[in-house]
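K.L.:
The structure is given below, and queries will be raised subsequently.
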Amino acid sequence: MQVTETLNEGLKRKLSVTIPAADLNERLGAKLEELKGQANIKGFRPGKVPMAHIKKMFGRSAMSEVMTDAINNTVTETLDKREERAAAQPKVDLPDDQAVINEVLEGKADLAFEVEYEVLPPVELMDLKGVPLTKPLIDIAEDEIDAEVNRVFAQNRGYTDKGDGAVVENGDRLGLSFVGKIDGKEFDGGKSDHAHLTVGSNEFIPGFEEQLIGFKKGETREIEVTFPKDYQSDELAGKKATFEVTVLHVDGPNTGELDDEFAKRLGVENVQALRDAVKGQMESALASMSRQHMKRQVLDALDDGHKFDVPAQLVEAEFATIWQRVEHEVQSHGKSFEDEGTTEEAAREQYRTIAERRVRLGLVVAEIGNKNDVNVTEEEHQQALIAEVRRFQGQEQQVYDYYRQNPQALAGLRAPVFENKVVDFVIEQGKITDKKMTREELAKLIQADEDEVPAEHHH
């Protein structure tokens with residue numbers, strides 16, 4: 001076997017390979033021997049078919065199989081010898097001339113072909129000791145717990161429809177349709193055919209709910225509000241907006257007290273136990289938000305600390321996945337790139353950069369995991385499967401079967417678990433500074449993270 005390198009540029013490689021006819025014929029002989037033992041041919045006892053006859057009947061198709069095997073084995077062996085790992089399946093170019101291929105199939109000529117591939121770059125890891133990270137610390141104030149407990153109370157004490165002549169009062173639960181406009185133009189997320197809102201819950205922006213008091217069922221009015229200066233979407237922050245609102249139905253709260261009796265109905269002992277449960281839920285939601293922000297800092301630090309070229313094939317594949325989603329979003333919302341204040345060209349550029357970041361981070365995360373023995377246990381893999389199945393209520397069995405029948409999809413569930421374990425490993429090595437902040441400040445940080453780089457996923 002002869003291998004000549006014809007291209008070595010950056011991560012791109014091209015090899016010219018020749019497998020001698022003698023080698024192919026030897027492999028063919030072994031293949032035909034195997035067939036001779038199995039062949040069931042009329043007029044011959046099993047295993048007693050003359051080799052010449054076998055060759056005449058199966059020679060060409062067997063040689064075609066031998067060629068395919070020889071190519072695959074040769075490519076694998078060659079890369080091993082060169083100590084290179086291909087980023088994706090190497091591309092094999094066989095001679096175009098059918099006459100040449102026929103000569104090979106007849107065992108008269110050497111098999112010459114080209115192999116093209118990109119190698120995975122060597123990853124020199126940055127020093128992970130002492131990566132500076134900020135850990136958000138949020139105190140939950142008693143009045144926040146009060147508000148949440150009252151919300152749980154309001155949600156669970158039940159409501160009764162106030163009928164056709166209903167007038168909206170504080171505490172009522174409403175069905176609304178609305179269209180919001182800024183400077184006469186509708187904006188993203190400012191429209192709903194049927195939203196639910198409890199007046200006084202402060203779920204909507206300040207000033208919205210108060211203005212609904214006194215509305216009658218079926219009435220349409222226009223109200224004016226100003227988005228808060230620190231609103232999580234920068235495009236809306238501080239802007240004046242008008243909403244045309246129609247009240248679809250008005251439900252008044254049932255009477256009842258927030259007492260131990262009520263707490264028991266929710267399955268806890270008393271009001272204190274309800275408060276503790278609510279506080280626990282709030283803490284766990286904040287811990288998960290805090291973790292999300294720290295993960296983003298880790299990935300940013302790894303991105304900053306590693307600058308190397310990545311295989312174009314992998315970037316292309318990642319970009320194609322992202323772009324498919326972007327186009328789907330654009331089509332399903334009936335928006336153009338211009339509506340978003342950009343052009344298709346600029347958006348492609350931006351997402352290509354993101355694709356490259358993801359591929360590079362994927363390689364870095366894999367290398368950190370390999371170097372530091374970070375592994376996903378079978379139990380963790382199972383937990384990831386169960387969590388995934390639970391997301392599809394009512395279809396659990398189908399989803400479970402799908403993963404059981406698709407080993408690749410099942411293996412895909414490992415990737416996010418592995419990435420999270422690597423992130424935890426980096427956090428453990430990091431230099432962590434606690435930073436007190438409010439829940440709103442943390443939500444705004446996370447929103448900013450997401451606006452900058454859409455959800456990180458490495459495969």
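The values are calculated or read from the model by the stated rules, or taken from the named source; none is laboratory data. These numbers come from a predicted model, not from an experiment. Virtual Cβ from ideal backbone geometry, glycine too; neighbours counted across all protein chains shown. For the accessible areas, the whole protein counts, side chains as well, though only heavy atoms, and no ligand, DNA or RNA atoms are used. Shrake-Rupley method; radii C 1.70, N 1.55, O 1.52, S 1.80 Å.
K.L.:
From the P(r) of the stretch 201-297, could you give the percentage of C-alpha pairs in the tail past 15 Å?
P.N.:
More than 15 Å apart: 77 percent of the Cα pairs in the stretch 201-297.
K.L.:
Once the cut-off is 31 Å, how many percent of the Cα-Cα pairs in the chain end up in the long-distance tail?
P.N.:
For the chain, the share of Cα pairs beyond 31 Å comes to 66 percent.
K.L.:
Set Lys and Arg Cβ to +1 and Asp and Glu Cβ to -1, take the dipole of the stretch 335-459 about its Cα centre, and tell me which of A387, V422, L442 lies farthest positive.
P.N.:
V422
K.L.:
Going by Cα centres, the stretch 296-315 and the stretch 157-192 are how many Å apart?
P.N.:
Here the answer is 46 Å between Cα centres.
K.L.:
Which log10 I(q)/I(0) values does the stretch 285-398 give at q = 0.20, 0.22, 0.23 Å⁻¹ under the Debye formula, counting every alpha carbon as one identical point scatterer?
P.N.:
-1.21, -1.19, -1.19
K.L.:
If you don't mind, another one. To the nearest 10 degrees, how steep is helix 142-156 against the longest Cα principal axis of the chain, on a 0 to 90 scale?
P.N.:
Value to nearest ten degrees: 90.
K.L.:
Another one. Can you return the lysines within cross-link range of K371? Criterion is Cα-Cα under 16 Å, with same-chain partners fewer than 8 residues away left out.
P.N.:
K129, K421
K.L.:
List the GluC sites (Glu not before Pro) in the stretch 169-211 that DSSP assigns to loop (not H, G, I, E or B) and whose Cβ has at most 11 other Cβ atoms within 10 Å. Which are they?
P.N.:
none
K.L.:
Using a Cα distance threshold of under 21 Å, what count of lysine pairs results for the stretch 196-332 when pairs must be 8 or more residues apart or interchain?
P.N.:
Lysine pairs meeting both conditions in the stretch 196-332 amount to 4.
K.L.:
Would you mind listing how long the stretch 365-409 runs along its three principal axes, going by Cα atoms, in whole Å with the largest first?
P.N.:
Principal extents (Cα only, largest first): 41, 17, 16 Å.
K.L.:
Convex hull over the alpha-carbon atoms of the stretch 375-459: what's its volume per residue in Å³?
P.N.:
147
K.L.:
Mind pulling the angle between the C-alpha long axis of helix 51-82 and the longest principal axis of the chain? Nearest 10 degrees, somewhere in 0 to 90.
P.N.:
60
K.L.:
Going 7 Å from the Cα of E84 along its beta-carbon direction, which residues of the stretch 306-336 have the amide nitrogen within less than 17 Å of the resulting point?
P.N.:
Residues passing the 17 Å test: 309-314.
K.L.:
With every protein chain left in place, what is the accessible area per residue of the chain in square angstrom, probe 1.4 Å?
P.N.:
Solvent-accessible surface per residue comes out at 60 Å².
K.L.:
Could you list the GluC sites (Glu not before Pro) in the stretch 332-422 that lie in coil according to DSSP, counting only those with at most 12 other Cβ atoms within 10 Å of their Cβ?
P.N.:
Counting only loop positions with at most 12 other Cβ atoms within 10 Å, the GluC sites (Glu not before Pro) in the stretch 332-422 are E338.
K.L.:
Which residues make up the longest stretch of the chain that has no chymotrypsin sites (Phe, Trp or Tyr not before Pro) in a DSSP loop with at most 14 other Cβ atoms within 10 Å?
P.N.:
Longest run free of exposed loop sites: 45-307.
K.L.:
Any idea what angle helix 396-405 forms with the longest principal axis of the chain, computed on alpha-carbon atoms, 0 to 90 degrees, nearest 10?
P.N.:
In the chain, helix 396-405 runs at an angle near 20 degrees to the longest axis.
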